[in-house]
Amino acid sequence: MSATAHPIPRRTLGATGPTTSALGLGCMGMSDLYGPADEAESIATIHAALDAGITLLDTGDFYGMGHNELLIHEALRGRDREEVRISVKFGAQRGPDGQWLGYDARPAATKTALAYTLRRLRTDHIDVYRPARLDPAVPVEETVGAIADLVKAGYVRHIGLSEVGADTLRRAAAVHPISDLQIEYSLISRSVEAEILPTARELGIGVTAYGVLSRGLLSGHWQNDRALSGTDFRGHSPRFQGDNLTHNLRLVEALRAVAAERGASVAQVAIAWVASRGEDVVPLVGARRRDRLTEALGSLDVTLTEADLAAIEAAVPAGSAAGDRYAAAQMAHLDSEH
């Protein structure tokens, strides 16, 4: 493992997608699902990311019911819009109490959602637009066809997908080129490697990997007795419960030993491992504060050797995590249990 300072390299999302920074910033936690966040610090973190050379910002129109898009608009005020790639997920339906009500990716709903997104972001285009999940009531061909109409009209530059299986990738790509698949991929979430990742590569589809720190579990900062607010969904996530959490934190400590020997933090090694999966993989980091962003950026200075990769594999073997990624009700909305 070597550590040499360098500017953020660039990667291209698939055969047809945009060129972005090799590390993206996932903005969800600044508005939703991880408990309270400081808005001023969130904006300062986005500014710090842009100043460091991160060009990919990922959001969803349902993160804080539009709040996250409004936050990004505020953070981009006075910036060159063409220097930033904004990726937006849509389709998740939520009530005023924040409860999940399902998904709607009908063509009319798709175009309506984009209209509201453009207004909240105060922009004339979205760089990558994608349904958050597969709508079981709507053929993916219809959803992708609707976004293709928006591409032709100039409102969307590229079409992406999120959390779908190999068959859906093929069906979607037959309608319109797909730039990238956004999917959870980390040291303890590796089932995409069996079928989904090879299919994406066969089709020329890149991967934007979220959950690279498994929602903080692999951050190296999680404590077994950490108290969670009622709005933090990790309070219901199987991997953060009881014996599962105790087991998973033992994996983190094994990884910490590997990282310490190489002069890096747990988080930096975990992010660098995802980045090492291929030039077509762009990790998304969910930093909500500047200090966490600085740590994540340090992963770019970590080059993993074959010996390093073997040591990491021994510390956290594939399939070694305890507990599912989501609670059972949420797993039911995934296109493929991967």
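Numbers below:
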quantity: Output for the stretch 296-315, where each listed residue is within 17 Å of L50 (Cα to Cα) and either out of contact with any His (no Cβ under 9 Å at 6 or more places or on another chain) or open to solvent by 40 Å² or more (accessible area, probe 1.4 Å) (or both); calculated: A296, L297, G298, S299
quantity: Residue match in the stretch 84-106 (condition: under 20 Å from T294 (Cβ atoms) and part of a strand (DSSP E or B)); calculated: no
quantity: Test: residue in the stretch 200-218 that is among the small types (G, A, S), at pLDDT below 95 and open to solvent by less than 10 Å² (accessible area, probe 1.4 Å); calculated: yes
quantity: Every residue from the stretch 135-166 that is open to solvent by 40 Å² or more (accessible area, probe 1.4 Å) and farther than 20 Å from L13 by Cα; calculated: P136, A137, P139, E141, E142, D149, A153
quantity: The listed residue being among the aromatic types (F, W, Y) and open to solvent by 20 Å² or more (accessible area, probe 1.4 Å), out of Y129, Y116; calculated: Y116
quantity: Identity of the residue in the stretch 266-291, free of Cβ contacts under 8 Å to residues at least 40 places away in the same chain and in a helix (DSSP H, G or I), that ends up most open to solvent (accessible area, probe 1.4 Å); calculated: D291
quantity: Cβ-Cβ under 7 Å pairs, at least 6 apart or on other chains, the stretch 183-198 side outside any strand (DSSP E or B), far side of a type in the set (F, W, Y); calculated: L187/W273; V192/Y185
quantity: Of all residues making up the stretch 135-173, the number that are part of a helix (DSSP H, G or I) and either over 14 Å from L114 (Cα atoms) or of a type outside the set (V, I, T) (or both); calculated: 17
quantity: Residues (surrounded by fewer than 23 Cβ atoms within 10 Å (Cβ to Cβ) and without any contact (Cβ under 8 Å) to a residue 60 or more places away in the chain) located in the stretch 255-265; calculated: R256, A257, V258, A260, E261, S265
quantity: Residue among L114, L70, L25, L50 that alone is in a strand (DSSP E or B) and hydrophobic (A, V, I, L, M, F, W, C); calculated: L25
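The values are calculated or read from the model by the stated rules, or taken from the named source; none is laboratory data. If you're wondering where the values come from, they're calculated on a predicted model, not measured in any experiment. Glycine gets a Cβ as well: all are built from the backbone with ideal geometry, and neighbour counts include every protein chain shown. The area values use the complete protein model at the heavy-atom level, side chains included, leaving out ligands, DNA and RNA. Shrake-Rupley method; radii C 1.70, N 1.55, O 1.52, S 1.80 Å.
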